[in-house]
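The values are calculated or read from the model by the stated rules, or taken from the named source; none is laboratory data. Just so we're clear, the structure is a prediction, and the values are computed from it rather than from any experiment. Cβ atoms come from the backbone with ideal geometry, glycine included; neighbour counts cover every protein chain shown. For accessibility, only protein heavy atoms count, side chains too; no ligands or nucleic acids. Shrake-Rupley method; radii C 1.70, N 1.55, O 1.52, S 1.80 Å.
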Amino acid sequence: VFGLMSTVGWHIGSIALHALTTGLAFALLRRLRVPHMTAGAIALLFAVHPVHVESVAWISGSPDLILAPALLGSTWFVLNTIARPTLANWSAAIALYVVAQGAKEIAIFFPAIVALAVLASTSTAGTASDAGPAARGSWSIAFKRAAPFAALALVYLVARNAMLGRAAAAGGGGTEWIADVCSAPQVCAFYLRQIVFPLWIGPSYPLRPVIPATIDWMNFGAPLAVCVIAGAWMLREAWKSRVAALGCAMFVLPLAPAMHVSAFLPEQVVHDRYLYLPLLGFLMILVPAAARLVSKLRSKPSDDEAERTSRDVSAPSSAGSGSVMVVAVLLAAPLAFQTSRYNTAWMSEIALWEWGVQSDPGSAFNYTQLAEHRRLAAKPRSSKPDISGLIAARVAADRALELADAPSELPRPELLSALLVRADIATDQARYADAEADLRRALDKLGPESKNDDVFKAYTRLAICFDRQQRLTEAEAVLREARARLAHKKCALTEKLGVVLYRIGRKDEALRELESVRSLVPSEFSFDSRLVLFRLGNLYQETGRPREAQAAFREFLNLTANMPGEDILAHRGMALKAMSGG
């Protein structure tokens with residue numbers, strides 16, 4: 001829709017989706033009979049809160065922006081079915097739920113949210129302790145409305161498990177399951193702090209998995225106390241109000257998978273984007289509770305208000321609602337300032353990771369990212385490399401290695417990335433011995449049995465290092481060793497081998513190597529593998545085989561039609577020019 005390289009449409013779309021979510025949240029709260037001012041305060045705080053910057057300003061945060069309005073919209077249509085169980089309402093509700101499932105996996109928790117939303121809507125008193133036939137009828141309606149979504153969630157889980165072959169991704173950091181239990185209080189307390197007091201904010205934070213060897217009062221005892229107090233308060237509010245009970249579900253359920261810290265890299269166990277829907281849920285508990293507290297502290301209510309609140313302990317007075325709206329407006333100003341300030345971090349990769357090393361100065365990952373993007377910025381295509389930029393990149397890479405090499409009770413997967421980036425910088429600076437030493441160390445660290453992408457990167461960078469020194473025979477040997485080890489990267493490695501053979505002067509051998517993997521190209525989904533066809537087209541043209549050259553270029557263009565990237569566009573342009581005889 002927006003083109004391969006344009007980001008403007010994505011940003012406009014993200015802002016529009018966030019605005020839509022805010023509007024739907026307000027409308028849904030009003031549908032649940034939350035007073036205007038209270039609903040407005042919730043929507044206002046949700047709209048400007050800085051924890052949303054990662055979701056709204058970062059294009060890759062769009063799953064939450066699709067999920068949230070889809071779930072809220074689906075809930076709206078489910079509530080419509082209570083009075084008007086028409087095909088149109090049911091179709092809209094189910095269609096939006098399917099959209100939400102396609103956006104993010106946490107949509108599987110939606111049936112519980114549906115049930116609680118229906119309870120909040122059908123309750124005559126709005127309290128969780130209603131009794132009698134009306135309450136029993138409400139529960140019956142809630143279960144019936146949630147049943148189709150539970151069935152869809154089950155289908156989704158079965159299909160996902162059949163395709164992926166497992167229920168969850170393997171832990172990136174290799175930490176054991178005990179880390180999930182030990183880390184849960186710290187992670188939960190962190191997210192509560194981010195909601196209530198978002199003064200410290202960034203792309204990553206100095207939280208690491210807690211394991212028995214590192215457990216202490218600050219990373220377990222104190223956070224556990226905070227979580228127990230907060231949890232008790234939430235349960236108390238949920239008992240008073242079904243709207244608060246719905247808020248609890250919206251806070252806890254989408255956030256629950258984020259407690260699985262062993263699935264993350266040790267330096268990336270928390271992220272603001274996981275709070276997109278949970279923030280709305282928390283505000284649905286906090287703001288009405290604050291309004292009720294204000295009502296209670298004010299002068300004695302009128303007879304009408306006393307009669308109403310005796311029927312509904314969850315309902316704040318109009319005075320309480322007005323007061324929380326005033327407080328929300330006052331809070332919105334500093335929150336909006338923090339949001340605006342943090343937006344600047346997402347203007348460029350360098351700005352983001354410079355912010356990242358401030359928010360988490362002990363992160364090797366952050367310094368590696370900063371080093372890589374400083375290196376890329378120092379290597380413009382149309383001019384000479386920026387020497388000072390490469391030096392700054394080297395400083396960041398050295399710091400990343402220093403942090404990654406530090407003794408730790410936790411695995412340090414960041415070490416490999418730091419070695420690869422520092423080797424790239426050394427190659428750009430023509431410090432080939434240093435580059436080779438880092439790459440050899442990376443391969444030793446990976447071990448002979450490893451076959452992941454880091455092995456591919458280390459081998460190809462080592463070949464480039466040899467190529468830059470005109471040590472082409474050694475580059476050939478490295479690529480052949482890599483190809484024997486990494487069968488799943490055979491096309492990509494053969495393309496690079498073909499280039500080296502061509503540079504050595506063994507053109508016929510280069511052609512044979514490229515032709516031997518041509519049939520495998522469509523099944524290897526990287527651009528490097530597609531380049532086999534581009535190289536074949538050039539070789540066919542050079543050897544006087546124009547018809548075969550045209551066929552190779554055409555297949556290359558077909559297989560790269562939807563691939564973004566400046567390098568891809570450049571090669572596509574060269575292929576089109578070659579086909580037209582230019």
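For the reader, a short list of remarks on this structure follows.
- Hits in the range 475-505 (condition: over 28 Å from Pro564 (Cα atoms) and either in contact with a helix residue (DSSP H, G or I) (Cβ under 9 Å, 6 or more places away or on another chain) or in a helix (DSSP H, G or I) (or both)): Ala475, Glu476, Ala477, Val478, Arg480, Glu481, Ala484, Arg485, Leu501, Arg503, Ile504
- Sole exception among (1) touching a Lys or Arg at 6+ places or on another chain (Cβ under 9 Å); (2) at positive phi for Gly447, by number: (1)
- In the range 468-489, of all residues being of a type outside the set (A, V, I, L, M) and buried (at least 20 other Cβ atoms within 10 Å of the Cβ), the one that is nearest to Asp528 (Cα to Cα) corresponds to Lys489.
- Check on Gly247, open to solvent by less than 30 Å² (accessible area, probe 1.4 Å), without any contact (Cβ under 8 Å) to a residue 60 or more places away in the chain and under 27 Å from Leu44 (Cβ atoms): yes
- Which numbered condition Gly537 fails, given (1) open to solvent by less than 30 Å² (accessible area, probe 1.4 Å); (2) closer than 22 Å to Phe456 by Cα: (2)
- Complete set of residues in the range 201-239 that are among the small types (Gly, Ala, Ser) and farther than 20 Å from Val270 by Cβ: Ala213, Ala232, Ala238
- Here Leu514 clears all of (1) open to solvent by 60 Å² or more (accessible area, probe 1.4 Å); (2) part of a helix (DSSP H, G or I); (3) among the hydrophobic types (A, V, I, L, M, F, W, C) except the condition numbered (1).
- Subset tally (residues that are open to solvent by less than 10 Å² (accessible area, probe 1.4 Å) and within 26 Å of Leu29 (Cα to Cα)) for the range 259-276: 3
- Taking (1) surrounded by 13 or more Cβ atoms within 10 Å (Cβ to Cβ); (2) under 27 Å from the mean Cα position of the chain (by Cα); (3) within 30 Å of Ile178 (Cα to Cα) in turn, Pro361 satisfies each apart from (1).
- Residue match in the range 283-297 (condition: out of contact with any His (no Cβ under 8 Å at 6 or more places or on another chain), closer than 18 Å to Asp64 by Cα and either at pLDDT 95 or above or open to solvent by 10 Å² or more (accessible area, probe 1.4 Å) (or both)): yes
- Extreme residue, nearest to the chain's Cα centre (by Cα), among residues of the range 457-516 that are over 22 Å from Ala433 (Cα atoms) and polar (S, T, N, Q): Thr494
- Residues of the range 205-242 that turn out to be within 23 Å of Val114 (Cβ to Cβ) and open to solvent by less than 20 Å² (accessible area, probe 1.4 Å), as a count: 5
- Gln470 being modelled with pLDDT of 90 or more and at positive phi: yes
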